[in-house]
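Undergrad: What follows is a structure written as structure tokens; I'll ask about it next.
The values are calculated or read from the model by the stated rules, or taken from the named source; none is laboratory data. Model, not experiment: these values are computed from the prediction. Neighbour counts run over all protein chains shown; Cβ positions are idealised from the backbone, glycine included. Surface areas here come from the heavy atoms of the whole protein model, side chains and all, with no ligands, DNA or RNA. Shrake-Rupley method; radii C 1.70, N 1.55, O 1.52, S 1.80 Å.
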Amino acid sequence: MSGAAPNQTPARVPSGDDARASRRTELPASADLAQAWLTRVRRDPADEEPDHRPLDFGLLRRLFTYTRPYAAMRNWLIACVVVRSFQTPLLHWLMAWIIAVPIAQPHIYGWSGLVWSLAGYAVLMLSTNFVMHFRQRYALELGEAVVHDLREAIFRHLHRMPLAYFHRTRLGRIISRMTTDVDSVRSGVQDVFFISVVQIGNFVIAGALMWWCDWVLFLLVLAMAPILWLIGRYFRVRISHATRAVQESFSRVTATLAESVNGIRVTQGFGRERLNGGLFRALIYDHARFNLGVTRSSALFGPLLEFNNQLFVAVLLMLGYWRVDSGEMTVAQLVQFFFLSNLFFGPIQVLGNQYNQALVAMAGAERVFHLLDTKPDWEDERGAVDPGPLSGRVEFRSVSFGYEPRTPVLSDVSFTAEPGQVIALVGHTGSGKSTIISLLAKFYLPTVGEIRFDGRDVRGLSASALRRQMGIVLQTNFLFSGTIADNIRVGRPDASEDDMREAARQLGCLDAIEALPDGLQTRVGEKGAGLSTGQRQLVCFTRALIADPRIIILDEATSAIDAVTEARLQRALEILLKGRTSFVIAHRLSTIRDADLVLVLDHGRISERGSHDELLAKGGAYAELYRTFISAGEG
């Protein structure tokens, strides 16, 4: 890139060793491009969520609804929390009483009094640990159950979203919601809420017992509380913003990582390893910088609270001396008050730490619920029906469509496919062929006009039921991790191995599948890793055939197959297409020549229609397309 400095650092590194940090975050050559890319990613509105208050009680109420299916466990947990709130202050009070009474007055109580006191203390201690066991167990089980339901809800919701959502949403962002954000919610359910309730209970009950010991001294202690409140308020706001920045930056990191792995062939093919490495270093630098911000605030918040606790204890010693010296308080009462004061101030620091965790949990819950609240661009109409067995008549009636409202992709497209006909779609790249296929499969709805199956508007038909009667083979089909048999069963889950072999035999590819190391049980990696392009397409053809669909869609399905493999498939394609309404996008003449109707698309409109021979005889756009592209592909 012209005039660009070879290395740039996006921001000052939060480290004492600036030179070393600069090397970690430097961008490689082409820094203008890199900085533009980073600016776009860092400010991508798709990665930003609307701001909420630091602790949104609406989110807490909504999260609480996920505990309803586990009401018995939740109620037992609440009971344990309430009991635990009383037990710890009573332990402190009893310990102080044992020191101040049986131990301080052995001439009155003797050894027997001390033994009975310690026995009571042991019983209370054992019951406290017993309750703590069930409090922790129920909290962990409830948190895991809520996380399970949240992840299931996200997964179901994602499968309801139309293709447009996945085209505009980065994969890493979705993964981040399902993993990091949901794990943050787990922490909130398992730890933050119930630990905070226990600590608040300890705080309140300890305060009540301190009031009972000496209400004047307790009021003097409370007079110092505004200092703690001011410190907490300042850090709450600071940590809240830093926590949000951490999670947003992590979402960008995961999105970029997923994108880089998916595009590794392009990266290596164009020699972008160093450039992409520099871009990724800059993103993880951002994430580290925001994490350091949270860490620094938390590291300052905790010691400040601890310092104030110690300062309050020192002040309390002076005030206690004054109360004892004036005869308003005994030494035994002061000892009890001190034991309780530790329990009174201790929760303040614990609650401060829990507040930090609560912010993380709230940020995670906010982002998870934002995803769950994202409405699909469209959904099946209320009362959408299963069309039942289709004859295969398909009509486009003045259909117009655009992925963006102001940018039409199809304009006034009309045609009719009778049952069993083969419709070929041809045209230059971007002419609208694949868009027609997407509308046929109800991945999108037309902006204007109607698409009818057997005379019924597609809007009134269930999308999933309609697609079950379709067999779709794309140029770049997706294979799942698993065996070849698993991938073929995507078309028909109840298919036996004999059914799969018969489908492959009809296609003329049974020998190719059986030649693999374990035949149908050969394992393939993600996206079909371990198979050649031609082998992957053979699996996809078998998957389509075994579903016995009424409508076949081939979107350049043979363009990635060599001529020898394609020749083997011609007879199989005749079997696959026979008696089924078929829509074919292809550049090779062999797939189009026998089509009943050829539609020539140009900038989203049908410019010509007719049979292959009729269109060649016209000498128009199709004939020109044939001479320049189709015949070249045939050769």
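Undergrad: Could you tell me the ratio Rg/Rh of segment 89-230? Both radii from Cα atoms, Rh via Kirkwood.
TA: In segment 89-230, Rg relative to Rh is 1.25.
Undergrad: Quote the FRET efficiency, to the nearest 0.05, computed for L219 versus A299 with a Förster distance R0 of 51 Å and r equal to the Cβ-Cβ distance.
TA: 0.95
Undergrad: Sorted by accessible area with a 1.4 angstrom probe, largest first, how do S611, S249, S326 fall? Mind dumping the intermediate values first?
TA: Details: S611 30, S249 0, S326 60 Å².
Per-residue accessible area, sorted high to low, gives S326, S611, S249.
Undergrad: Which value, in Å² and to the nearest 10, is the accessible area of S496 when all protein chains are kept and the probe is 1.4 Å?
TA: Roughly 50 Å² of S496 is accessible to a 1.4 Å probe.
Undergrad: Excluding ligands and nucleic acids, what accessible area in Å² is computed for T407 using a 1.4 Å probe, to the nearest 10?
TA: Using a 1.4 Å probe on the heavy atoms, I get roughly 80 Å².
Undergrad: Another question, then. Could I have the simple spin-label model distance between A332 and R459, label points 7 Å from Cα toward Cβ, reported in nm to one decimal?
TA: 8.5
Undergrad: Sort all Cα-Cα distances of segment 481-538 into consecutive 5 angstrom bins from zero, then give the percent of pairs in each bin up to the one containing the longest distance.
TA: 4, 20, 33, 29, 13, 1
Undergrad: What is the extension gain from F130 to I103, computed as 0.36 nm multiplied by their sequence separation minus the C-alpha to C-alpha distance, in nm to one decimal?
TA: Separation in residues times 0.36 nm, less the Cα-Cα distance, equals 6.9 nm.
Undergrad: Continuing with the same structure: Give me, ordered by chain and number, the residues 5 or more places off T447 or on other chains with an amide H under 5 Å from its own placed amide H.
TA: S400, F401, G402
Undergrad: Once amide H atoms are built 1.01 Å from N in the peptide plane, which residues 5 or more positions from I553, or in another chain, come under 5 Å H to H?
TA: G471, I472, V473, F583
Undergrad: Quick one: Karplus J couplings for segment 363-369, per residue in order, coefficients 6.51, -1.76, 1.60, θ = phi - 60°, nearest Hz, x for Gly and Pro?
TA: Coupling constants for segment 363-369: 4, x, 5, 4, 6, 5, 5 Hz.
Undergrad: So how much slack lies between R156 and R627, counting 0.36 nm per residue of separation and subtracting their Cα-Cα distance, in nm?
TA: Numbers: separation 471, 0.36 × 471 = 169.56 nm, distance 4.82 nm.
164.7 nm is the gain from fully extending R156 to R627.
Undergrad: If amide hydrogens are placed 1.01 Å from N in the peptide plane, which non-local residues have theirs closer than 5 Å to the one on V490?
TA: Distant-sequence amide H within range of V490: zero hits.
Undergrad: Also: I need the calculated FRET efficiency for the pair W322 and I78, taking r as the beta carbon distance and R₀ as 51 Å, to the nearest 0.05.
TA: That gives a FRET efficiency of 0.75.
Undergrad: Please give the contour-minus-distance gain from R382 to T416: 0.36 nm per residue of separation, less the Cα-Cα distance, rounded to one decimal in nm.
TA: Net length gain for the segment: 9.5 nm.
Undergrad: Within segment 463-481, whose backbone N sits under 17 Å from a point 7 Å along Cα→Cβ of D494?
TA: Hits in segment 463-481 for D494 at 17 Å: 465, 468-469.
Undergrad: Using alpha-carbon pairs under 8 Å, 6+ residues apart, how would you state the relative contact order of segment 124-211 in percent?
TA: Result for segment 124-211 is 48 percent.
Undergrad: Could I ask something else about it? How large is the convex hull of the C-alpha atoms of segment 66-128 per residue, in Å³?
TA: Each residue corresponds to 62 Å³ of Cα convex hull volume.
Undergrad: Over segment 416-533, consider all pairs of different Cα atoms and compute the Kirkwood hydrodynamic radius from their mean reciprocal separation; express it in Å, one decimal.
TA: By the Kirkwood definition, the hydrodynamic radius is 17.0 Å.
Undergrad: On a C-alpha basis, how far is the centre of segment 78-153 from the centre of segment 370-405 in Å? Whole number, if you could?
TA: 60
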